[in-house]
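Chemist: Encoded as structure tokens, here's the structure I'll be asking about.
The values are calculated or read from the model by the stated rules, or taken from the named source; none is laboratory data. Since we're looking at a predicted model, the values are computed, not measured. Cβ: placed from backbone, ideal geometry, glycine included. Neighbour counts: every protein chain shown.
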Amino acid sequence: MVLVEQSLNGFQFGLLLFLLAAGLTLVFGIMDFVNLAHGSLYMMGAYFAATFTAWTGSFILGVLLALGATLLLGIVLEFVALRHLYGRDHLDQVLATFGLILFFNDAVRLIWGPAGLALPLPAWLTVPVQIIPGVYYPAYRLSIIIVALAVAALLYVVVMRTKIGMLIRAGASNREMIGALGINIKLLFTLVFGLGAALAGLAGLMQAPILTVQIGMGENILILAFVIIVIGGIGSIRGAFLAAIFVGMIDTLGRAFLPDLLRMVLSSAAASTAAPALSSMLIYLLMAIVLVVRPEGLFPAAKR
Amino acid sequence: MKKTFWLAGAMALALAQPALGADSIKIGFVSTFSGPTAAIGNDMRNSFELALDHLGRKMDGKPVEVIYEDDGQKPDVGKQKTEKLIQSDKVDFIVGYIWSNVLLASLKTAVDAKTFLISANAGPSQLAGELCSPYVFSTSWQNDQTPQAMGTYMNQKGVKSVFLIGPNYAAGKDMLAGVKSTFKGQVVGEEYTVWPSQLDFSAELTKAKNSKAESIFVFYPGAAGVQFLNQYAQAGIKAQIPLYTAFTIDELSLPLQKENALGVPGAQQWVNDLPNPENKKFVEDYRKKYPNLRPTFYGAQSYDAANLINSAVVAVKGDTTKKDAMKAEMEKANFKSVRGPFKYGKNHIPIQNFYLQDVVKDADGQLALKTVATIVKDSQDGFHDKCPMK
């Protein structure tokens, strides 16, 4: 029973990480663009949702408006700033997007203040539901699982079964060639970046009721997203999905069961101190192993 | 070009010099002014500024100059800022420190330079014990004291078993050790989480729920407290297992925790409604000076720190080179604390009362913290025996 519940916790965390990593891997893999400000879009999604929910009084409406706003913000950001950086090398991109993180953090401080916001849930999402006899799970976390799975399926269909998806995949394999074939590569990139931004915003606004909406909320989690795209293979949506579930599971199950395992060999005090440190290391250990064994990631996108 | 540069530099120095003249009292203030916990640092600064307003911005007739530095909640940055304030700004006092790990990293710099350090929040056990120093005073508490009061209250309520959750750093360990030292029931489980990066407590909450403990105790300061309470309520555990807290619900987190905090008790040495006249003045003037904000215990401790410094400066008639005389004066705690009764143990940690606070709806229908009872009177920390000072 405990195992079922802890696995669900891990699965839910993994799906959330997938939403963040999917946008990152699309932008990195297809546009060859390192976007450190992806975490800022995650933060903006949460701030938009909190603001719009307060304005409209409806959680669902607030969330939908916030999604649109993040999509728009992503497109504007790409148009104003980022498209001038595509030709530059990665270090310039890292510097510029790091500057954007600082910009967004201070912009949020100016607009919303330093204290953070709350995004309260409607009552029907705050009750635990019985999923199998004897196991109760928070309704909101369950809804995260459902929404994220739906988005993953939608992404799969769009990327694998539509013309846009075909262009995106072609862009990932050979940028110059599809440009030469008369495809408007600039427009395609703007679309991809907007899609990535909306995914990041979705992750942020779904995480917001669980955590708080606060400045810098995207920075810690962005590191995990980078780990995931490295493990999964850069540019690969399928890789990002599997790696995200993997990382979410390892993180949660490590925290859940490692302390008890360690207590068998260490003193109780030493175990409770060492376990959280060790469980947060597990993910990076996994990444190191993947980098040694398969440097291109577990499920790399098609070769360039 | 180069010449103009040097000239400009020399002018800047010349201009800066008079303001930093020997005839002012210089105070360095290290706290967190950026990142997720910046609201705490702002509250401390607001309260310190209010105290200076109340003192006429002078101590014994000398103007007071405060230099605020941001530690970003990082021990290494806090140490650097402390060094900068002491070595290049040459401050007379250094105040602040929210986080125990930041304070522990910065402590040696202040003590070695014989600069008075007033901790306005952090209270690691080492500070009360083996690392106590003639140059270090606290206007807060030793970390263990507040959870010890909570443990005592849980005994009074007849709680039989508890599951403990806290962050894995100096203060987190002190807090959980504090509850364990007074709570007479059974400790069913004890979980530490990665600090400050871990914000999802689903694994720990699931464990607590399945442990069949009768109660949960947590210590999560700042935004983490909001996240813990949200998740505790969403998981439906609030209806099953009551929560007891230390430093998890305050005036900064309450507007974000909202109804989730209703009826969750906490222990504290200061609550906004304590009935002494100094406290009334502090709370009223704070709300006048900073509309829409309410002072927290962090602010109350900073307000006290300014008054403690003032007492020392007045006693030596503004001659801050008389360190022994200032130390002797501060040991008397010759000022009116907003928390009421306040005296120092030989390790310079306050001996004070701890109160039970609850979250209620006030007259305006807003959620507010309210004193319910006095849990312990004249509580002294358990580490003063280890302090070699006489």
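Chemist: Taking B:Gly299, is it of a type outside the set (A, V, I, L, M, F, W, C) and under 17 Å from the mean Cα position of the chain (by Cα)? Let's see the steps before the verdict.
Modeler: Values: of a type outside the set (A, V, I, L, M, F, W, C): yes; under 17 Å from the mean Cα position of the chain (by Cα): yes.
Yes: the conditions hold for B:Gly299.
Chemist: Across region B:317-341, what is the number of residues that are in contact (Cβ under 8 Å) with a residue 24 or more places away in the chain and part of a loop (DSSP other than H, G, I, E, B)?
Modeler: The number of residues fulfilling the criteria is 11.
Chemist: Out of (1) within 10 Å of chain B (Cβ to nearest Cβ); (2) surrounded by 24 or more Cβ atoms within 10 Å (Cβ to Cβ); (3) not hydrophobic (A, V, I, L, M, F, W, C), what's the single condition that is false for A:Gly216?
Modeler: (2)
Chemist: While we're looking at this one, here's another question. Taking the stated definitions as given, is A:Ser40 more than 17 Å from the chain's Cα centre (by Cα) and either in contact (Cβ under 8 Å) with a residue 60 or more places away in the chain or under 19 Å from A:Gly297 (Cβ atoms) (or both)? Reasoning before the result, please.
Modeler: Details: more than 17 Å from the chain's Cα centre (by Cα): no; either in contact (Cβ under 8 Å) with a residue 60 or more places away in the chain or under 19 Å from A:Gly297 (Cβ atoms) (or both): yes.
For A:Ser40, the condition - more than 17 Å from the chain's Cα centre (by Cα) and either in contact (Cβ under 8 Å) with a residue 60 or more places away in the chain or under 19 Å from A:Gly297 (Cβ atoms) (or both) - is not met.
Chemist: For A:Ile283, work out the one condition from (1) within 14 Å of chain B (Cβ to nearest Cβ); (2) touching a residue at least 40 places away in the same chain (Cβ under 8 Å); (3) over 21 Å from A:Asn220 (Cα atoms) it doesn't fulfil.
Modeler: Of everything listed in (1) within 14 Å of chain B (Cβ to nearest Cβ); (2) touching a residue at least 40 places away in the same chain (Cβ under 8 Å); (3) over 21 Å from A:Asn220 (Cα atoms), A:Ile283 misses just condition (3).
Chemist: I would also like to ask the following. Is it the case that region A:194-213 has a residue that's in contact with a Lys or Arg (Cβ under 8 Å, 6 or more places away or on another chain), within 14 Å of another protein chain (Cβ to nearest Cβ) and either part of a helix (DSSP H, G or I) or modelled with pLDDT of 90 or more (or both)? Please lay out each step first, then the result.
Modeler: The first filter runs over region A:194-213 and keeps only residues in contact with a Lys or Arg (Cβ under 8 Å, 6 or more places away or on another chain), leaving A:210.
Keeping just the survivors that are within 14 Å of another protein chain (Cβ to nearest Cβ) gives A:210.
With the extra rule that they be either part of a helix (DSSP H, G or I) or modelled with pLDDT of 90 or more (or both), the set shrinks to none.
Looking for residues that are in contact with a Lys or Arg (Cβ under 8 Å, 6 or more places away or on another chain), within 14 Å of another protein chain (Cβ to nearest Cβ) and either part of a helix (DSSP H, G or I) or modelled with pLDDT of 90 or more (or both), one finds none in region A:194-213, hence no.
Chemist: If you don't mind, another one. Among B:Lys79, B:Lys84, B:Lys74, B:Lys3, which is the only one that is away from every other protein chain (no Cβ under 14 Å) and at pLDDT below 95? Spell out the reasoning first.
Modeler: Working: B:Lys79 fails: at pLDDT below 95; B:Lys84 fails: at pLDDT below 95; B:Lys74 fails: away from every other protein chain (no Cβ under 14 Å).
On inspection, the qualifying residue turns out to be B:Lys3.
Chemist: On the basis of being crowded, with 23+ Cβ neighbours inside 10 Å and closer than 24 Å to A:Met1 by Cβ, does B:Ile237 make the cut?
Modeler: Values: crowded, with 23+ Cβ neighbours inside 10 Å: no; closer than 24 Å to A:Met1 by Cβ: yes.
Considered against the rule, which asks whether it is crowded, with 23+ Cβ neighbours inside 10 Å and closer than 24 Å to A:Met1 by Cβ, B:Ile237 comes out as no.
Chemist: Determine if region A:245-259 includes at least one residue that is β-branched (Val, Ile, Thr), outside any loop (DSSP other than H, G, I, E, B), surrounded by fewer than 13 Cβ atoms within 10 Å (Cβ to Cβ) and more than 14 Å from chain B (Cβ to nearest Cβ). If you could, list the steps in order and put the result at the bottom.
Modeler: Let us first name the residues in region A:245-259 that are β-branched (Val, Ile, Thr), namely A:245, A:247, A:250, A:252.
Those left that are additionally outside any loop (DSSP other than H, G, I, E, B): A:245, A:247, A:250, A:252.
Narrowing further to those that are surrounded by fewer than 13 Cβ atoms within 10 Å (Cβ to Cβ): none.
Checked against the condition, which is being β-branched (Val, Ile, Thr), outside any loop (DSSP other than H, G, I, E, B), surrounded by fewer than 13 Cβ atoms within 10 Å (Cβ to Cβ) and more than 14 Å from chain B (Cβ to nearest Cβ), region A:245-259 yields no hits at all.
Chemist: Another question, then. Kindly provide the set of residues from region B:167-203 that are in contact (Cβ under 8 Å) with a residue 60 or more places away in the chain and either within 7 Å of chain A (Cβ to nearest Cβ) or of a type in the set (S, T, N, Q) (or both), ordered by number.
Modeler: Residue satisfying the conditions is B:Ser181 alone.
Chemist: Could you please tell me which pairs satisfy a Cβ distance under 7 Å, a separation of 6+ or placement on different chains, a first residue in region A:147-174 that is of a type in the set (Ser, Thr, Tyr), and a second residue that is not in a helix (DSSP H, G or I)?
Modeler: Going by the 7 Å Cβ cut-off, the qualifying pairs are A:Ser173/A:Ala302; A:Ser173/A:Arg304.
Chemist: Which residue, of B:Ala170, B:Ala203, is of a type in the set (A, V, I, L, M, F, W, C) and more than 25 Å from B:Gly123 (Cα to Cα)? Write out each step before concluding.
Modeler: On the way: B:Ala170 fails: more than 25 Å from B:Gly123 (Cα to Cα).
Checking each option against the conditions leaves just B:Ala203.
Chemist: Between B:Lys377, B:Lys317, which is basic (Lys, Arg) and closer than 27 Å to B:Ser125 by Cα? Lay out the reasoning, then the answer.
Modeler: Details: B:Lys317 fails: closer than 27 Å to B:Ser125 by Cα.
Sole residue among the options that is basic (Lys, Arg) and closer than 27 Å to B:Ser125 by Cα: B:Lys377.
Chemist: Within region B:52-95, take every residue that is in a strand (DSSP E or B) and not aliphatic (A, V, I, L, M) and give me the one that is nearest to B:Gly222 (Cα to Cα).
Modeler: Looking only at region B:52-95, we keep the residues that are in a strand (DSSP E or B), and these are B:58-59, B:62-70, B:93-95.
From the residues that got through so far, the ones that are not aliphatic (A, V, I, L, M) too are B:58, B:62-63, B:65, B:68-70, B:93.
On the way: B:Lys58: 32, B:Lys62: 36, B:Pro63: 33, B:Glu65: 28, B:Tyr68: 20, B:Glu69: 19, B:Asp70: 16, B:Phe93: 26 Å.
Taking the candidates together, the pick is B:Asp70.
Chemist: Any residue at all in region A:136-146 that is within 19 Å of A:Met206 (Cβ to Cβ), away from chain B (no Cβ under 14 Å), in a helix (DSSP H, G or I) and among the hydrophobic types (A, V, I, L, M, F, W, C)?
Modeler: Yes, the conditions are met somewhere in region A:136-146.
Chemist: Considering region B:249-275 alone, what residues qualify as being within 14 Å of another protein chain (Cβ to nearest Cβ), part of a loop (DSSP other than H, G, I, E, B) and surrounded by fewer than 24 Cβ atoms within 10 Å (Cβ to Cβ)?
Modeler: Within region B:249-275, B:Glu251, B:Leu262 meet the criteria.
Chemist: Could you say which residue among B:Val159, B:Val111 is surrounded by fewer than 24 Cβ atoms within 10 Å (Cβ to Cβ) and out of contact with any Gly (no Cβ under 9 Å at 6 or more places or on another chain)? Steps first, answer last, please.
Modeler: On the way: B:Val159 fails: out of contact with any Gly (no Cβ under 9 Å at 6 or more places or on another chain).
Checking each option against the conditions leaves just B:Val111.
Chemist: Is it the case that some residue within region B:272-287 is among the hydroxyl-bearing types (Ser, Thr, Tyr) and modelled with pLDDT of 95 or more?
Modeler: Taking region B:272-287 as the starting set, the residues that turn out to be among the hydroxyl-bearing types (Ser, Thr, Tyr) are B:286.
Add one more test, that the residue is modelled with pLDDT of 95 or more, and what stays is B:286.
Yes, because at least one residue in region B:272-287 is among the hydroxyl-bearing types (Ser, Thr, Tyr) and modelled with pLDDT of 95 or more.
Chemist: Mind listing whichever residues of region B:204-234 are over 13 Å from B:Ile165 (Cβ atoms), surrounded by fewer than 24 Cβ atoms within 10 Å (Cβ to Cβ) and at the interface with chain A (Cβ under 9 Å from one of its Cβ atoms)?
Modeler: Answer for region B:204-234, where residues must be over 13 Å from B:Ile165 (Cβ atoms), surrounded by fewer than 24 Cβ atoms within 10 Å (Cβ to Cβ) and at the interface with chain A (Cβ under 9 Å from one of its Cβ atoms): B:Asn210, B:Ala233, B:Gln234.
Chemist: Which residue, of A:Leu3, A:Leu71, is under 30 Å from A:Pro133 (Cβ atoms) and either more than 20 Å from the chain's Cα centre (by Cα) or modelled with pLDDT of 95 or more (or both)?
Modeler: On the way: A:Leu71 fails: under 30 Å from A:Pro133 (Cβ atoms).
None of the other options fit; the residue is A:Leu3.
Chemist: So, A:Leu19, is that one under 28 Å from A:Met249 (Cα atoms) and in contact with a helix residue (DSSP H, G or I) (Cβ under 7 Å, 6 or more places away or on another chain) or not? Even if it seems obvious, please write down each step before you answer.
Modeler: Numbers: under 28 Å from A:Met249 (Cα atoms): yes; in contact with a helix residue (DSSP H, G or I) (Cβ under 7 Å, 6 or more places away or on another chain): yes.
It is true that A:Leu19 is under 28 Å from A:Met249 (Cα atoms) and in contact with a helix residue (DSSP H, G or I) (Cβ under 7 Å, 6 or more places away or on another chain).
Chemist: Something else about it: Any residue at all in region A:115-126 that's without any contact (Cβ under 8 Å) to a residue 24 or more places away in the chain and more than 14 Å from chain B (Cβ to nearest Cβ)?
Modeler: no
Chemist: I need a count of the residues in region B:108-127 that are over 15 Å from B:Leu85 (Cβ atoms), touching a helix residue (DSSP H, G or I) at 6+ places or on another chain (Cβ under 6 Å) and not in a loop (DSSP other than H, G, I, E, B).
Modeler: Number of matching residues: 1.
Chemist: So the check is Cβ under 9 Å with 6+ separation or different chains; which pairs have a first residue in region A:60-79 that's closer than 20 Å to A:Leu100 by Cα and touching a residue at least 60 places away in the same chain (Cβ under 8 Å) and a second one that's of a type outside the set (Lys, Arg) and not in a helix (DSSP H, G or I)?
Modeler: A:Leu77/A:Ala37
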